[in-house]
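The values are calculated or read from the model by the stated rules, or taken from the named source; none is laboratory data. These numbers were taken from a predicted model, which means no experiment stands behind them. Neighbour counts run over all protein chains shown; Cβ positions are idealised from the backbone, glycine included.
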Amino acid sequence: MPTLAAVTDAKPDPRINAFSPEVADARLRGRVAAARFVEGTLRRVTAPSAPLRTRPDIEAPYGSEVFFGETVRVFDDGGAGWSWVQNETDRYVGYVRPDALGPMAPEPTHRVTALRTFVYPGPDMKLPPIRSLTLGSRIGLGEAVETRGTLFRLVAGGSTAVVASHLAPLGVPHEPDYVAVAERFLNVPYLWGGRTSLGLDCSALVQLSLMEAGIAAPRDTDMQRDQLGAAVEGGIEAPLRRGDLVFWPGHVAIMTAPDTIVHASGNHMTVVTEPLADAVARIGAIKASPVAVRRL
């Protein structure tokens, strides 16, 4: 997947730039003030997923999530059971438990293409799984083993196994229709800050769907509105088509047809499809009308 291009900010956005009065990313030297600047250390996410919290506190809200195989840059392991990191996938900054991270090896060779898959202690679906991995997770694989007609791949460096049909090599062509990917998340619960098939928010649905189509996307709705595609003149009054992104303040939906959307809805608390007109009326009564439509 292509990496998200760096954005030059007159005032660095703390969501995607790591800086505090005590420590800052060395790449921000000259742009922010800090007692010390560090290069950071790359670590691999080894937990199936982990909250990326807004502060080093178990009760702090999720800013985002990281999932298995992603790379983070650790800027501070200041103790108290937290690491201050930046996700290399989308540059999002937050606090994660150190035990969710591990060494960079083995290098991932494949990504999970199923909405969710299991890791088994061996190549046999009758064995009790030891963890599950969400769509987009990256994993290093070893040899192929077939058991009772089901092909598995062993995980590199061990005897655990994953169903081969739930995986694709990192270099293979991506899913051509990101809307179809989004529709696979139907009925997944809404989770503020969530970014996995166990629960996700509106901007994560867009980000993960585009990721499967080989399109890098930022994490939050305002970033997506400013960076993805081109503005559709006339907004929702224009003729819309499948794949257009409709933005409200703090919310985004994907057009599935000229008059219907799929989105992770805080009103329904799940991923749903519904008529665009219904969402416009409901959200307009609570918050505001759509502010932009973007076309990729």
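For the reader, a short list of remarks on this structure follows.
- If only residues of the range 66-99 that are of a type in the set (A, V, I, L, M, F, W, C) and over 20 Å from Val206 (Cα atoms) are counted, the one that is farthest from the chain's Cα centre (by Cα) is Ala80.
- Neighbours by Cβ (under 7 Å, 6+ apart or cross-chain): first from the range 33-48, surrounded by 13 or more Cβ atoms within 10 Å (Cβ to Cβ); second assigned to a loop (DSSP other than H, G, I, E, B) and among the small types (Gly, Ala, Ser): Ala34/Ser20; Arg44/Gly69; Val45/Gly69
- A search for C-beta distances below 7 Å between a residue of the range 190-205 that is under 11 Å from Val66 (Cα atoms) and surrounded by fewer than 24 Cβ atoms within 10 Å (Cβ to Cβ) and any residue that is at pLDDT below 95 and of a type in the set (Phe, Trp, Tyr), counting only pairs 6+ apart in sequence or on different chains, returns nothing.
- Qualifying residue in the range 153-168 (condition: in a loop (DSSP other than H, G, I, E, B), free of Cβ contacts under 8 Å to residues at least 24 places away in the same chain and over 22 Å from Ile215 (Cα atoms)): yes
- Verdict on Thr260 being closer than 18 Å to Glu65 by Cβ, without any contact (Cβ under 8 Å) to a residue 40 or more places away in the chain, in contact with a helix residue (DSSP H, G or I) (Cβ under 8 Å, 6 or more places away or on another chain) and outside the structural domain of Glu65 (by TED's automatic domain parsing): no
- Residue within the range 39-56 that is under 14 Å from the mean Cα position of the chain (by Cα), closer than 30 Å to Ala164 by Cα, of a type in the set (D, E, K, R) and part of a strand (DSSP E or B) present: no
- Pick from the range 275-296, criterion within 22 Å of Asp226 (Cβ to Cβ) and basic (Lys, Arg), ranking: farthest from the chain's Cα centre (by Cα): Lys287
- Filtered residues of the range 257-296 (kept if closer than 14 Å to Arg241 by Cα and of a type in the set (D, E, K, R)): Asp259, Arg294, Arg295
- Lone qualifier among Ala114, Ala50, Ala26, Ala60 - being in contact with a Pro (Cβ under 9 Å, 6 or more places away or on another chain) and at pLDDT 95 or above: Ala60
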